[in-house]
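The values are calculated or read from the model by the stated rules, or taken from the named source; none is laboratory data. Just so it is clear, the structure is predicted and the values come from calculations on it, not from any experiment. A quick note on method: Cβ atoms are made from the backbone with ideal geometry, for glycine too, and the neighbour counts reach across all protein chains shown. These area figures cover heavy atoms from the full protein model, side chains too; ligands, DNA and RNA do not enter into them. Shrake-Rupley method; radii C 1.70, N 1.55, O 1.52, S 1.80 Å.
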Amino acid sequence: MSANIKHWKISVLAALGLFLLSMAAGGFAEVTPPEKSLGFRVGADYHLATYDQAVAYFKVLEGESAKLKVFEMGKTGMGRTMIYAVIASENTMKNLDRYREITQKLAVVEGLTDEQARKLAAEGKAIVWIDVGIHASECAPAQHALQLAYDLITADDADTRLILENTILVLVFANPDGMQLVADWYHPNIGTPFETSSMPYLYNRYAGHDDNRDSYMNNLVETQNITRLLNRVWYPVVLYDHHQSAPFPARIWIPPAAEPTNPNLHPLFIRGKNLIGSAMGYAFDQEGKDGAISRFAFDFIYPGYEDSFGDFFHIISIMTETALYSYATPRFYTVRDFPEDYRDLTPSVFYPSPWKGGWWRLRDAVDYCLTASKAVLHTSALYREAFLYGKYRMGKDTAARFAKEPPYAWIIPREQWDAPTAALLVDRLLLQGIKVFRAEKPFTADGVSYPAGTWVIPMNQPFALFVKAVFEEQAYPDLTKYPDLWQGIVQPQQFQNAYLPPYDLAGWSLPYQMGVKAVRVDTPLAATLAEIKRADLEGGAAAGGGSFWLISTQANNGFTAVNRILKKGGEVTRARESFSLNGKTWPAGTFAVRAGSVTREYMAGLAGELSLEIAAGEMPASAKTVKLKTPRIALYKSWRASMDEGWTRWILEQYEFPYANITSAEVRAGALRAKFDVLIIPSMSADAIVNGFAPGTMPPNYVGGISDAGVMNIKAFVREGGTLITLNSGCLFAIDRLGLPAGDALRSFRGSTGGPFGDAGARPAAPEFVCPGSILRMMFNPAHPVAYGMPEKGAGVFYNSPAFQLYPGGGEGGKGGEVIASYPDDSLLISGYLKGEKYLKNRVAAAAFPMDKGKVVLLGFGVQNRAQPYGTFKLLFNAIWY
Ligand SMILES: [Zn+2]
């Protein structure tokens, strides 16, 4: 009792103090509600707040409330400044650095005893990360952020006080470019026939929807900004990423997730997700918001999502999918619109309050987002201490586990096929908060000797499960093996067919994708190690003389070097056969830069910047070479916006290939050969390329594809000496429309390969061939100019890919295809899932077809899928110079 009285006295004094403080600061200034700043209520029909408006509003709030602060977190792909807001009680806001320090210590584990960790957990605040708008056409989440911030800093109910006292909200706009673009696209279309038409360009400069598939790779600046903030600045206990495509007619998808589960997660994370999801469900039904569903469709076996990669960094990462119609346009639904299974409104364990239909407005979606965000904050407040201590526990358990069981470490040798790309992988791991070391002395691991300088990732570190999850081969589980565990409740129709597709890729192992050698260590490691902060790879231009500078064709960075040299006016030739120099064999494809055409200093600078070894020497007079010139590259850009086009653009820019985008109208206009040497068609359907958007579905400027006239113009372009390169499924366009002597061996299974999104309903019973995004063994033909610099045996990403049968002769031009890459005759699967291997065995994965004066190059797998398979980018680069 006395303690209570004392507490009461302190509260009164504190309240009085606050009162005096606020009087001193100019009285009870009114906090501006969002509708006053925007001119409309958040979520109002036909109104979307732009990113600029959101930033302006958060700046207003920052000026009016001590509970909110705005921070900058770097630039977007289009150059906007990314902002985020931090919201907590006024007292907490005064000590943000202390609370950050507490979660950092708990996350990093090192140097803490259990007792110290418990004390820190008792003192700390639950830092909760909520991000909005990563998928910008899913509008409600970014809109709800404005209302959420206002509600939290102005409400004075017990729940809000509990939240503000116990949590620190880090509220992040994950895709500012998209938020602006979508609003700017939608508003002029309101009241026209195109009000709900889809946006004809990507809502992330390069990645579009794939901006949520980049988290383990960090190619995009937005992802890098987010990763830095998550793993270097805030170390949240919970991450909540909002999405908006609930399985219809559910109004929101909430955790628990669908199977399968990633095997590299600490069980507490899965429990944490389920706990928060259940609390959300409780909140929805308590507020009479029907239609929250769980366990359906969305699994998190894939660690590349923003909302799954955090798990490996001891952040309980969850996402939801609120129901979406289109932008801010309302829609009325009746039960007759529902799929048949949902029409009788039967409640079930994971869908206990079926939605009955009615109006669905943006504001409804905003309200669902608000309930969900507040439930996440509320649960985090209640579990504050447990979540903080749990964060430490996870890290400690993980580090302890790999101190006594394999893998004890991963080794990244310096001796690599493409050393700068290996260094890139090391740098990306460092960015993510993984500790990487270099060996100070030679050492032995699993009986193999390694020199000093070798990169080592010891697994007795708190975030080791991330390394395991992205380095090892994935064995995607077969649902039929675990009927008692998984009960077939997830997607029963697929359970019956003995195949449960993942929502995204089934295999993603980064060392295979990147062509980087990484060695798992299965016995305890004894080595003298020093931690590094960046990959310490240094290139060098050899001293000594000669008429040529020789650049290996194995490293991707070699292509950057050549592009720079050509731009500077240097002379570059490429060896067409292997040759020997000073006892070393240089393979076909080696770049030879005429020494007089660039200075030694310039070459030394390039070697240093790009971590390249550049040799000086003579080329044998007999060496056959071909002179390179900067090709005029056209990259086809459909109004049916293609992520693959965006990623291709990203890669061309990274490796400094100049290019121009061309639209369907430009292809229809013809005379392509006069303007371009190379035309690249990204992975997209022939229908999208040829027909584009149907008339009446889009404003007239965006209607139509290249049409038959465009097909004729592309044929003419090739016949007149151009090179057409088609990527992955884009190859089917070339086969079908250009009359190449080739067929697709998988044609009869198309639509059944388990694509990630949108074709879930199209699966036939018990498909004979299934490969839902996996890494397969491949054989390359390095004697072919398109495979220069490739190993004879390697790996490639199969992702909704064709597989070619080549016919002798035939077709226009009469010449058969040349094999660039093919599938071996056995053991195709490296990582992921493959059923029906026989359909792929010995099939061709990439081929070139001479056609009159030009060529068509089919790169029929994911050579640059999401800009992740660095190991096969060279096929694209070589094809450009073929
Ligand atoms: Zn989404």
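Worth pointing out:
- Restricting the range 366-396 to residues that are aromatic (F, W, Y) and in a helix (DSSP H, G or I), the residue that is surrounded by the most Cβ atoms within 10 Å (Cβ to Cβ) is F387.
- Residues that are within 11 Å of the ligand (Cβ to nearest atom) and more than 13 Å from S326 (Cα to Cα), drawn from the range 136-147: P141
- Single condition T329 does not satisfy, out of (1) polar (S, T, N, Q); (2) under 30 Å from P188 (Cβ atoms); (3) within 16 Å of the ligand (Cβ to nearest atom): (3)
- Considering the range 835-849, and only residues there that are open to solvent by 30 Å² or more (accessible area, probe 1.4 Å) and touching a residue at least 12 places away in the same chain (Cβ under 8 Å), the residue that is nearest to L740 (Cα to Cα) turns out to be R843.
- Total residues in the range 650-690, condition within 21 Å of A867 (Cα to Cα) and either of a type in the set (A, V, I, L, M, F, W, C) or open to solvent by less than 20 Å² (accessible area, probe 1.4 Å) (or both): 13
- Applying the criterion of being among the charged types (D, E, K, R) and under 26 Å from S215 (Cα atoms) to the residues of the range 268-311, the residue that is surrounded by the fewest Cβ atoms within 10 Å (Cβ to Cβ) is R271.
- Qualifying positions in the range 691-726 - touching a helix residue (DSSP H, G or I) at 6+ places or on another chain (Cβ under 8 Å) and part of a strand (DSSP E or B): F693, T723, L724, I725, T726
- Taking the range 251-261 as the range and being over 27 Å from T371 (Cβ atoms) and either within 16 Å of the ligand (Cβ to nearest atom) or open to solvent by 10 Å² or more (accessible area, probe 1.4 Å) (or both) as the test, no residue passes.
- Residue list for the range 442-473, filter: more than 30 Å from L106 (Cβ to Cβ) and surrounded by 19 or more Cβ atoms within 10 Å (Cβ to Cβ): F443, A445, Y450, T454
- Qualifying residue in the range 213-232 (condition: within 14 Å of the ligand (Cβ to nearest atom), touching a His at 6+ places or on another chain (Cβ under 8 Å) and either within 20 Å of R80 (Cβ to Cβ) or not in a strand (DSSP E or B) (or both)): no
- A count restricted to the range 578-605 and to residues that are in a strand (DSSP E or B) and open to solvent by 70 Å² or more (accessible area, probe 1.4 Å) stands at 4.
- Total residues in the range 633-649 satisfying the condition of being open to solvent by 40 Å² or more (accessible area, probe 1.4 Å) and not hydrophobic (A, V, I, L, M, F, W, C): the figure is 2.
Rundown of residues vs (1) out of contact with any His (no Cβ under 8 Å at 6 or more places or on another chain); (2) closer than 30 Å to Y392 by Cα, yes/no style:
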position: P420; (1), (2): yes, no
position: D427; (1), (2): yes, yes
position: I434; (1), (2): yes, yes
position: P442; (1), (2): yes, no
position: S449; (1), (2): yes, no
position: P462; (1), (2): no, yes
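- Subset of the range 699-748 that is touching a strand residue (DSSP E or B) at 6+ places or on another chain (Cβ under 9 Å) and of a type in the set (S, T, Y) - its residue that is surrounded by the fewest Cβ atoms within 10 Å (Cβ to Cβ): Y702
- Considering residues of the range 811-860 that are touching a Leu at 6+ places or on another chain (Cβ under 9 Å) and part of a helix (DSSP H, G or I) only, the residue farthest from L727 (Cα to Cα): E837
- Meets criteria (among the β-branched types (V, I, T) and within 16 Å of the ligand (Cβ to nearest atom)) for T320: yes
Conditions tested, residue by residue: (1) open to solvent by 10 Å² or more (accessible area, probe 1.4 Å); (2) part of a helix (DSSP H, G or I); (3) hydrophobic (A, V, I, L, M, F, W, C).
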site: V70; (1), (2), (3): yes, no, yes
site: M82; (1), (2), (3): no, no, yes
site: D97; (1), (2), (3): yes, yes, no
site: E101; (1), (2), (3): yes, yes, no
site: V128; (1), (2), (3): no, no, yes
site: H144; (1), (2), (3): no, yes, no
site: D159; (1), (2), (3): yes, yes, no
site: L162; (1), (2), (3): yes, yes, yes
site: L169; (1), (2), (3): no, no, yes
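- Residue check for A122: within 16 Å of the ligand (Cβ to nearest atom) and either of a type in the set (K, R) or in contact (Cβ under 8 Å) with a residue 60 or more places away in the chain (or both): no
- Residue check for L345: in a loop (DSSP other than H, G, I, E, B) and within 16 Å of the ligand (Cβ to nearest atom): no
- Any hit, the range 236-250, residues being of a type in the set (S, T, N, Q), closer than 17 Å to W355 by Cβ and either within 16 Å of the ligand (Cβ to nearest atom) or in contact with a Ser or Thr (Cβ under 8 Å, 6 or more places away or on another chain) (or both): yes
- Taking the criterion of being touching a helix residue (DSSP H, G or I) at 6+ places or on another chain (Cβ under 7 Å) and under 12 Å from F861 (Cβ atoms), the residues of the range 774-802 that qualify are I775, F780, G794, A795, G796, V797, Y799, P802.
- Considering residues of the range 171-210 that are open to solvent by 10 Å² or more (accessible area, probe 1.4 Å) and β-branched (V, I, T) only, the residue nearest to the ligand (Cβ to nearest atom): T196
- Yes/no for V572 being in contact with a helix residue (DSSP H, G or I) (Cβ under 6 Å, 6 or more places away or on another chain) and buried (at least 19 other Cβ atoms within 10 Å of the Cβ): yes
- Qualifying residues in the range 674-690 (those that are part of a loop (DSSP other than H, G, I, E, B) and touching a helix residue (DSSP H, G or I) at 6+ places or on another chain (Cβ under 7 Å)) - the one nearest to R640 (Cα to Cα): M684
- Of all residues in the range 496-535 being in contact with a helix residue (DSSP H, G or I) (Cβ under 6 Å, 6 or more places away or on another chain) and over 20 Å from E415 (Cα atoms), the one that is surrounded by the most Cβ atoms within 10 Å (Cβ to Cβ): L500
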